[in-house]
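First comes the structure, then the notes that go with it.
The values are calculated or read from the model by the stated rules, or taken from the named source; none is laboratory data. Computed from a predicted structure; not experimentally measured. For neighbour counting, all protein chains shown are included, and Cβ atoms are generated from backbone atoms with ideal geometry for every residue, glycine included. These accessible areas exclude ligands, DNA and RNA; they are computed on the full protein's heavy atoms, side chains included. Shrake-Rupley method; radii C 1.70, N 1.55, O 1.52, S 1.80 Å.
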Amino acid sequence: LADNEKEDVVLQLDNRISRLEGALRLEEKITASGGKIFATNGKKADFYTAVQECSQAGGTIATPRSEGENTAVLRLVQRYNTYAYLGIKEALIPGKFRSLGGAELNYTHWHAREPSGKGEE
């Protein structure tokens, strides 16, 4: 394709993506923060199923790295009146938590006396 044809295709795709994002926002299935889109299908699942479904959708399970991202996840939690799994796991050292990839957490917003590893963090 010529450069101008490529630009037209990109503009058409951008427009289509924007319309799809708008529709999903209206349905409160997605929310955004920091250039990331947080989404849910609203279905209950166990942790490993959630990780797998996120991967199959081309994403990863949410690991909030800022107050804005945490708020975006919280919006979905409140919308569905449920909890959310996060991409965080307890390290080999009890009471220490890391991302699923093993990286140290640079942002946390735990409840008082948490994390306890009991699922109420």
*Give the stretch 53-66 a look and list any residue that's surrounded by 13 or more Cβ atoms within 10 Å (Cβ to Cβ) and assigned to a helix (DSSP H, G or I), or say none.*
E53, C54
*Name the residues in the stretch 1-52 that are within 21 Å of N81 (Cβ to Cβ), in a helix (DSSP H, G or I) and touching a Phe, Trp or Tyr at 6+ places or on another chain (Cβ under 8 Å), would you?*
F47, A50
_Restricting to the stretch 41-52, count the residues that are within 18 Å of T31 (Cβ to Cβ) and either modelled with pLDDT of 90 or more or in contact with a His (Cβ under 8 Å, 6 or more places away or on another chain) (or both)._
1
*Listed residues I88, I37; which is open to solvent by less than 50 Å² (accessible area, probe 1.4 Å) and touching a strand residue (DSSP E or B) at 6+ places or on another chain (Cβ under 8 Å)?*
I88
*Any idea which of I30, I61, I93 is among the aliphatic types (A, V, I, L, M), modelled with pLDDT under 90 and in contact with a helix residue (DSSP H, G or I) (Cβ under 8 Å, 6 or more places away or on another chain)?*
I30
